[in-house]
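Worksheet for the structure shown next.
The values are calculated or read from the model by the stated rules, or taken from the named source; none is laboratory data. In this text, all values refer to a predicted model and were calculated from it rather than measured experimentally. Here the Cβ positions follow ideal geometry from the backbone for every residue, glycine too, while neighbour counts run over all protein chains shown. For the accessible areas, the whole protein counts, side chains as well, though only heavy atoms, and no ligand, DNA or RNA atoms are used. Shrake-Rupley method; radii C 1.70, N 1.55, O 1.52, S 1.80 Å.
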Amino acid sequence: MNVRPLAPLVLLAALLVGCVMPTTRPGAVLHGDAAHPAQTVGWVDTRLYFGLGLADQPEHGVSEQTWREFLDSEVSTRFPDGLSVIDVYGQWQGKQQIRPERLRSKMLVIDYPDTPANRAKVEAIRAAWKQRTGDQSVLRVTQPADVSF
C-alpha cells in the first residue's frame, strides 16, 4: 500500500482537529473571578519608583536580596494577584542637594481596583520603604487603566 497519497489527508485531519480542540487547559482562563475579571471598571495602574542607591556605587545601597525581601514581605503580601518589577535608572534631587543623584532604581507596577483599601496598601508600601531605607520619597504615579485578563 502506498502511504504517500494519504500524507496530505492526515495533515489536513490534524489541522482540523486543532481547530476544534480547546487551545488552553481547562481552568486556565484568567477571568470570571474578582482578581481576574473579564472586564474591569474603576481599575488603576500604579507605578512606584524605589531608589536603590547611587548608580556609580553598586556595592553600596540596597542589594538585590534586600529588595526581594522587601518585595516578599511588604508588597506581595498586599498584592498577591500579580505585579511587575522593572529595573530602571533614575535621577533624584533631594531638598538639600545641589544637583541630582543618579540612582539604580526599581519600578513596581501594580494594576488593581481603585478602592480606599487598595490605596491604603500602596501608601503602606511607600511608608515601609521610606522607613526601611531613610529615603525621602517613593514616587507614585497612578492613572486609570483599561484592564482585561
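List the residues whose amide H sits under 5 Å from the amide H of Glu101, counting only those 5 or more places along or on another chain, with H placed 1.01 Å from N in the peptide plane.
Answer set, sorted by chain and number: Trp92, Gln93, Gly94.
Fully extended, how many nm does the chain gain between Val109 and Thr77 (0.36 nm per residue separation, minus their Cα-Cα distance)?
Difference between extended and current length: 10.0 nm.
Tell me, what is the FRET efficiency for Ala128 and Glu64 to the nearest 0.05, using R0 = 22 angstrom and their Cβ-Cβ distance as r?
So the FRET efficiency works out to roughly 0.75.
Could you list which residues have their amide H under 5 Å from that of Ala145, counting only those 5 or more apart in sequence or on another chain, with H placed in the peptide plane?
The answer is Trp43, Val44, Asp45.
On the protein heavy atoms, probe 1.4 angstrom, tell me the percent of accessible surface of the range 29-142 carried by carbon and sulfur.
That fraction is 50 percent.
For a quick check: with amide H placed at 1.01 Å from N, whose amide H comes under 5 Å from Leu52's, ignoring anything fewer than 5 positions away on the same chain?
Under 5 Å from the amide H of Leu52 lie the amide H atoms of Arg104, Ser105, Lys106, each far enough along the sequence or on another chain.
Gain in length, Ala55 to Thr142, computed as 0.36 nm per residue apart minus the alpha-carbon separation, to one decimal in nm?
Numbers: separation 87, 0.36 × 87 = 31.32 nm, distance 2.59 nm.
Between Ala55 and Thr142, full extension yields 28.7 nm more.
Could you sort Tyr89, Tyr112, Tyr49 by their accessible area in this structure, using a 1.4 Å probe and putting the largest first?
Tyr89, Tyr49, Tyr112
Any aspartates and glutamates with Cα under 19 Å of the Lys95 Cα? List them, leaving off those in the same chain fewer than 8 positions away.
Leaving aside aspartates and glutamates fewer than 8 places away in the same chain, those within reach of Lys95 are Asp135.
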